[in-house]
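Derivation of every value follows stated rules applied to the coordinates shown; laboratory data play no part. The shown structure was predicted, so the numbers you read here are calculated from the model rather than taken from an experiment. Glycine gets a Cβ as well: all are built from the backbone with ideal geometry, and neighbour counts include every protein chain shown.
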Amino acid sequence: MYNYTDFDEAFVRSRVSQFRAQVERRIDGSLTEDEFKPLRLMNGLYLQLHAYMLRVAIPYGTISARQMRQLAYIADTWDKGYGHFTTRQNIQYNWPALKDVPDMLEALADVQMHAIQTSGNTIRNVTSDHFAGAAGDEVADPRPYAELLRQWSTDHPEFQFLPRKFKIAVTGAEADRAVIRSHDIGLQLLEQNGERGFKVIIGGGLGRTPMIGKVVRDFLPEADLLPYCEAIVHVYNTLGRRDNKYKARIKITVHENGIDTMRELIEARFAEIRPEFSGVDQELLAAIKAQFATPALREGDTAAYDSAYATDPVFRAWADTNLAAHRKPDHAIVTISIKAHGKTPGDATSDQMRLMAELAEEYAHGELRISHEQNVILPHVHKGDLPAIHAALSAAGLGTANIGLASDIIACPGMDYCALATARSIPIAQEIATRVDELKIEHEVGELKIKISGCINACGHHHVGHIGILGLDRAGVENYQVTLGGDHTETAAVGTRMGPGFSADEIVPAIERLMLAYLDLRSEKSETFLQTFRRLGDAPFKAALYPESEARNAA
Amino acid sequence: MPKAFTPKVVTANALIEGDVIYLTESGSWSRSHTDARLFTEEGPATAALSAAELQSSEIVGAYLADAEASPKGPKPTHFREAFRATGPSNYPHGKQVENV
Ligand code: HEM
Ligand code: SF4
């Protein structure tokens, strides 16, 4: 794992003391809110419905056991004993008091963490595949590149006042677990003729105008990564619209100027600045790569796993859904579900954080990951240790076998916390999860991505959910609009909006009808919900959503 | 035609804790919606809002929110303000526990 240099350390510490002074000046009245707000946002501090909210970066989702323990300590000391893991591999605290935030940032700095650039019109936390460095299907570990991008973008003087926020995601595999096509820049590692490089995608995004990113370069040699990204952000910074907040993202710049014009401008700028990159970045990259070496994985037999799998159906169900293939066959990647049925998706209590930290230390080389799907991952686990891990997780309410299934829902905070929301998200997720658990159908339904947002900003990724749910305010009442057929992977697609929205009472039964319709419609058990939707189109699913209008049409 | 004025309360967040607060009859701030002063006329409501905005060392983000009279004092008319008055619906956090 990456360890801060003295420079990183000093930089973060100086930001904390700077912010401490700013908070003091706000509290003693020497700064007005108008003066203070941009300063607090530069440090990840928002004001939400009921309280402040502190957003802490977890770069490319990688975190050590020690850091996870510190997150638990912060939750206990200055918040309400829990934290919320988000789709951008951050953690949010929902209840800090303004006066405590400098102490919280200090506690983060103690474990090499911070909240810098988790807000504002800058390059945000660089995200990555949560299985990076462990997955069998990757060309190489994408995290050293993400770390290089993090260092380059942090406090980059040219990019502190972009037209809008800017998000970069990197994946090392063809299978896209980092949603690269919904990011401002998406990078996919490739190998061509023995050379390593990237496919570069720009202009993806969700929000009110969802767009799938477009390929701007089929192959970018890895040594050109920083100058090329710098050229992209430079062109965006120049062309991006500052007249209209809703048209300010690079997706609109690409849409309005066309990908070909963008490419020409980017290539021209790239040619101009390439010579300025003398190769220091490549030396740095080599040093960073060394820090991401795979831990010394242990040898040993997997008998304990084989026998638990053969004899314990609860363990088997969990193993079937929550384990992914590690590149070493006697190892596994464990996804810990923080989506227990009926609980708030993405929330972990401080006790749960501490348990996960302990398990990581004991069985998983001290390393954890946060996924964009709001779960926690132990990336390198020997199969022989899985029964013990499963038992410990189950005892702590973390043993739910639902990864990738209907109750593994992404839900944004919605109107329970978020000042921008138009409806709630969390209770809908809780009810859907409770319902599928009561009906015991989610294992039968299989892979299904349900994603819920509480407003058109689409933080909950509803546009790229197989079933997307968008909460709206219709004349002072919560209303939920359904989209179907979205996909966040390498076959990315924006979902199609179905008919009128549903009330809070109607939405869960409507989702249930969709699942039951799918079970009827699928050609065979192995055909997923998304495949069935792609084969048959909207019509049969619309009929399931709106049975009354179907009956009227027939009459 | 301008929209007819509907009754309002002045609400904001407390500077230090971030808690939702309401302007009372006496001009102080309360954490309870039922203590709020209900403005039934536009002039006094906007005047109270302007005065509140000057108290920047105590409060953040003051605005007027729709409300209506009830036997126990003003109550919110929109669900957003109802959540602000009670706390989130996924946990018993915020005012719903603090006020009991
Ligand atoms: C609660 C405080 C939050 C606020 C005020 C907030 C604000 C916003 C806004 C204004 C947008 C629209 C951006 C645009 O289209 O230009 C947005 C999009 C987004 N936010 Fe949030 N958000 C919050 C929480 C979250 C959380 C909890 C997550 C993760 C669960 C998240 C992840 C995202 C993502 C992934 C998008 C859309 C993707 C994109 O186009 O960039 N946000 N958010
Ligand atoms: S989608 Fe809307 S409601 Fe949900 S977190 Fe984002 S801004 Fe808030």
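Just grab the label-to-label distance for A:Glu438 and A:Glu267, each label 7 Å out from Cα along the Cβ direction, in nm (one decimal).
6.0 nm
Could you give me the ³J(HN,Hα) list for segment B:82-89, computed from phi with Karplus coefficients 6.51, -1.76, 1.60 and θ = phi - 60°, whole Hz, x at Gly and Pro?
5, 5, 5, 6, 10, x, x, 9
Counting other Cβ atoms within 10 Å, which trypsin sites (Lys or Arg not before Pro) in segment A:445-535 have at most 11 and lie in a DSSP loop?
A:Lys525
Amide H of A:Leu190 versus every other amide H placed in the peptide plane: which residues, excluding those fewer than 5 positions away on the same chain, fall under 5 Å?
Under 5 Å from the amide H of A:Leu190: A:Gly197, A:Phe198, A:Lys199.
How many angstrom lie between the C-alpha centres of segment A:426-449 and segment A:34-85?
29 Å
Connecting C-alpha atoms closer than 10 Å in a GNM of chain B, tell me which of B:Ala85, B:Ala69, B:Ala51 has the biggest fluctuation.
Judging by the Gaussian network model, the answer is B:Ala51.
Over segment A:287-433, with a single point scatterer placed on each C-alpha, what log10 of the ratio I(q)/I(0) does the Debye formula yield at q = 0.09, 0.13 1/Å?
-0.31, -0.62
What FRET efficiency comes out for B:Phe79 versus A:Ala543 if R0 is 45 angstrom and r is the Cβ-Cβ distance? Round to the nearest 0.05.
0.90
Quick one: 3J(HN,Hα) in Hz for segment A:467-475, Karplus 6.51/-1.76/1.60 with θ = phi - 60°, rounded, Gly and Pro as x.
Values per residue, Gly and Pro as x: 10, x, 10, 10, x, 10, 9, 10, 6 Hz.
Magnitude of the Cβ-charge dipole of segment A:428-555, K/R +1 and D/E -1, about the Cα centre, nearest 20 debye?
That gives a dipole near 340 debye.
Would you grab the residues whose amide H sits under 5 Å from the one on A:Tyr4? Only those 5+ places off in sequence or on another chain, please, with H modelled 1.01 Å from N.
The answer is none.
Can you give the FRET efficiency for A:Leu536 and A:Glu506, using 1/(1 + (r/R0)^6), R0 = 25 Å, r = Cβ-Cβ distance, to the nearest 0.05?
With a Förster radius of 25 Å, E is 0.60.
In degrees, nearest 10, range 0 to 90: what is the angle between the Cα axis of helix B:42-53 and the longest Cα principal axis of chain B?
The angle comes out at about 50 degrees.
Using a 4.7 Å cut-off between beta carbons, which cysteines in the protein assembly as shown end up with no partner cysteine at all?
That list is A:Cys229, A:Cys418, A:Cys455.
For a label point 7 angstrom out from the Cα of A:His156 toward its Cβ, which stretches of segment A:182-210 have the backbone nitrogen within less than 16 Å?
So the set is A:183-188, A:200-204.
So, in Å, what gap is there between the alpha-carbon centers of segment A:343-359 and segment B:26-71?
So the two Cα centres are separated by 40 Å.
Work out the charge dipole of the protein assembly as shown with +1 on the Cβ of Lys and Arg and -1 on the Cβ of Asp and Glu about the Cα centre, then indicate which of A:Gly446, A:Pro275, B:Ala45 is farthest towards its positive end.
Farthest towards the positive pole: B:Ala45.
Between A:Leu516 and A:Ala317, what's the calculated FRET efficiency when r is the beta-carbon distance and R0 is 30 Å? Round to 0.05.
Rounded to the nearest 0.05, the efficiency is 0.90.
Tabulate in residue order the Karplus-calculated ³J(HN,Hα) for segment A:409-424, using 6.51 cos²θ - 1.76 cosθ + 1.60 with θ = phi - 60°, rounded to whole Hz; enter x for Gly and Pro.
Residue by residue, segment A:409-424 yields 8, 8, 9, 6, x, x, 6, 6, 9, 8, 5, 8, 5, 10, 7, 7 Hz.
Please report the relative contact order for chain A, taking Cα pairs under 8 Å with a sequence separation of at least 6, and give it as a percent rounded to a whole number.
12 percent
Counting Lys and Arg as +1 and Asp and Glu as -1, what is the net charge of the other residues whose Cβ lies under 15 Å from the Cβ of B:Pro92?
0
Treating the beta-carbon of each Lys and Arg as +1 and of each Asp and Glu as -1, no other charges, what is the dipole magnitude of the protein assembly as shown about its Cα centre, to the nearest 20 debye?
Taking the Cα centre of the protein assembly as shown as origin, the dipole is about 1360 debye.
Let me see the P(r) profile for segment A:218-330: every Cα-Cα distance counted, bins of 10 Å, each bin given as a percent of all pairs.
Pair shares across the bins are 11, 24, 17, 16, 18, 13, 1.
By how many nm would the segment from A:Asn257 to A:Thr77 grow when fully extended, if each residue of separation counts as 0.36 nm and the alpha-carbon distance is taken off?
My answer for the length gained is 59.8 nm.
Between A:Asp8 and A:Ser278, what is the spin-label point distance in nm, taking each point 7 Å from the Cα along the Cα→C-beta axis?
Modelled inter-label distance: 2.4 nm.
Mind checking segment A:6-84 for trypsin sites (Lys or Arg not before Pro) that DSSP puts in a loop (not H, G, I, E or B) and that have at most 15 other Cβ atoms within 10 Å?
none
Calculate, in whole percent, how much of the Cα-Cα pair population of segment A:259-321 lies beyond 18 Å.
70 percent
Only Cα pairs under 8 Å and at least 6 apart count here; give the relative contact order of chain B as a rounded whole percent.
Relative contact order comes out at 28 percent.
Among A:Gly399, A:Ala419, A:Gln374, which residue has its Cα furthest toward the positive end of the charge dipole of segment A:345-463, with +1 on Lys/Arg Cβ and -1 on Asp/Glu Cβ?
Checked the options; the winner is A:Ala419.
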